[in-house]
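**Student:** If you scroll down you'll find the structure; I have some questions about it.
The values are calculated or read from the model by the stated rules, or taken from the named source; none is laboratory data. Please read all numbers here as calculations on a predicted model, not as lab measurements. A quick note on method: Cβ atoms are made from the backbone with ideal geometry, for glycine too, and the neighbour counts reach across all protein chains shown.
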Amino acid sequence: MSDTFNPEPAVRQELVDAAASGMLLVFIGAGISRLVGCPSWDGFANAVIDQLVPKHIDYHERSLINAIPDPRKRLSLAKIIEEENGAKVNYESIFQINVPRSDIYNFINSYQCTFVTTNYDLLIKPEISRSKKEKEWRFFNRDKLMRDKLDERGNVIHLHGCVKDPKNMIITTKDYLEHYASKEVQVFLEYLFMNKTVLFLGYGLEETEILEYILKYRGNEKKEDKRLFILQGFFNAEMSLYQKLKKYYEDSFFAELIGFPKDYEEYEQQKRIIEKWTERLSFSDLKAADEATAMLDELQ
């Protein structure tokens, strides 16, 4: 076994087949949006708290809140302060990108499949959907988490809400617990994992908690039924950690961890990989793929 990562790991055949059959779904995490300049969880929490100073809290209170290590706890406190004081945080301004640092979304948006994201930003704009009104393909409220939305290519589903509707963004610890306990989310994720081949992009080690929230709804398929793939970056010196995590994801979620090296371009390396994979992926509608299969069956 090599002690270094392949800078351009090959796209798995299961992903190629899923794209061709209309079954591929790409799940986008914060690691992708950070490449273009969106804030980390720490940066997001700090930006929210900064908007509460000095009108709703003073600078000393801000320093006390910022000393809390967990950004989600800081966000939970900020939400309480916001609600108690009638404050209005401008969440959309936090995610506005004037000059993106990377063009990775150019390649992601060329993928002609369905997208689900835990990001609040509006950067996923599939080329296949741009001729339609945004409300016809972008969905972000819990009552829009419907199974049929997963079967149409070009749809973008925000699992945690988005900046278009700040009131319903899943931000605090309480929000997360209630959201994932809801029947709508459970049915949605169960259908997703039962019926789709899923590629996770942008979920690094810091997003492990969110990833596990999602993956716990993975069904009881056999281990050899490979339908979950996670592209994740590591330094070459972390090969031992990667091998342990690879086994952990296989044993716990029947998911394959695909590692890439951060030594050369750090997370920007993902752009090279996603761009390369576009050469192998050919997308079809679910219905068209079913009809093609039926025609082949008739000819045999």
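**Student:** Which ones in segment 136-158 are within 18 Å of residue 169 (Cα to Cα) and either among the aromatic types (Phe, Trp, Tyr) or at pLDDT below 95 (or both)?
**Tutor:** Correct list: 139, 140, 141, 142, 143, 144, 145, 146.
**Student:** Would you check if there is a residue in segment 265-280 being assigned to a loop (DSSP other than H, G, I, E, B), more than 19 Å from the chain's Cα centre (by Cα), modelled with pLDDT of 90 or more and surrounded by 12 or more Cβ atoms within 10 Å (Cβ to Cβ)?
**Tutor:** Within segment 265-280, one or more residues are assigned to a loop (DSSP other than H, G, I, E, B), more than 19 Å from the chain's Cα centre (by Cα), modelled with pLDDT of 90 or more and surrounded by 12 or more Cβ atoms within 10 Å (Cβ to Cβ).
**Student:** Could you tell me which numbered condition residue 121 fails, if it satisfies all but one of (1) out of contact with any helix residue (DSSP H, G or I) (no Cβ under 6 Å at 6 or more places or on another chain); (2) assigned by TED's automatic domain parsing to the domain that holds residue 206?
**Tutor:** (1)
**Student:** Mind counting the residues in segment 238-264 that are in a helix (DSSP H, G or I) and aliphatic (A, V, I, L, M)? First the steps, then the outcome.
**Tutor:** Narrowing segment 238-264 to residues in a helix (DSSP H, G or I): 238-253.
So of that shortlist, the ones also aliphatic (A, V, I, L, M) come out as 239, 241, 245.
Residues flagged as in a helix (DSSP H, G or I) and aliphatic (A, V, I, L, M) within segment 238-264 amount to 3.
**Student:** Could you tell me whether segment 200-217 includes any residue that is closer than 24 Å to residue 5 by Cβ, at pLDDT 95 or above and either of a type in the set (A, V, I, L, M) or assigned to a loop (DSSP other than H, G, I, E, B) (or both)?
**Tutor:** yes
**Student:** Turning to a different aspect of this structure: With the checklist (1) surrounded by fewer than 21 Cβ atoms within 10 Å (Cβ to Cβ); (2) assigned to a helix (DSSP H, G or I); (3) in contact (Cβ under 8 Å) with a residue 12 or more places away in the chain; (4) not assigned by TED's automatic domain parsing to the domain that holds residue 116 in hand, flag the one item residue 60 doesn't pass.
**Tutor:** Here residue 60 clears every test but (3).
**Student:** Cβ-Cβ distance below 9 Å, separation of 6 or more or different chains: which pairs start in segment 65-93 with a residue that is over 20 Å from residue 207 (Cβ atoms) and touching a residue at least 40 places away in the same chain (Cβ under 8 Å) and end on one that is surrounded by 12 or more Cβ atoms within 10 Å (Cβ to Cβ) and of a type in the set (Lys, Arg)?
**Tutor:** 79/174; 89/79; 92/164
**Student:** Which numbered condition trips up residue 31, out of (1) among the small types (Gly, Ala, Ser); (2) outside any loop (DSSP other than H, G, I, E, B); (3) more than 17 Å from the chain's Cα centre (by Cα)?
**Tutor:** (3)
**Student:** Using the structure shown, decide if residue 49 is assigned by TED's automatic domain parsing to the domain that holds residue 268 and buried (at least 19 other Cβ atoms within 10 Å of the Cβ).
**Tutor:** no
**Student:** Here's another thing I want to ask about it. I'd like the residue in segment 39-53 that is assigned to a loop (DSSP other than H, G, I, E, B) and at pLDDT 95 or above and, out of all such residues, is farthest from the chain's Cα centre (by Cα).
**Tutor:** 53
**Student:** How about segment 152-170: which of its residues are among the polar types (S, T, N, Q) and part of a loop (DSSP other than H, G, I, E, B)? Let's see the steps before the verdict.
**Tutor:** Of segment 152-170, the ones among the polar types (S, T, N, Q) are 155, 168.
The answer is 155, and nothing else.
**Student:** Here's a follow-up. Being closer than 19 Å to residue 160 by Cα and part of a helix (DSSP H, G or I) is the requirement here; does residue 89 meet it?
**Tutor:** Considered against the rule, which asks whether it is closer than 19 Å to residue 160 by Cα and part of a helix (DSSP H, G or I), residue 89 comes out as no.
**Student:** If you don't mind, there's one more thing I want to ask. Tell me, which residue of segment 112-140 that is in a loop (DSSP other than H, G, I, E, B) and in contact with a Leu (Cβ under 7 Å, 6 or more places away or on another chain) is nearest to residue 201 (Cα to Cα)?
**Tutor:** It comes out as 118.
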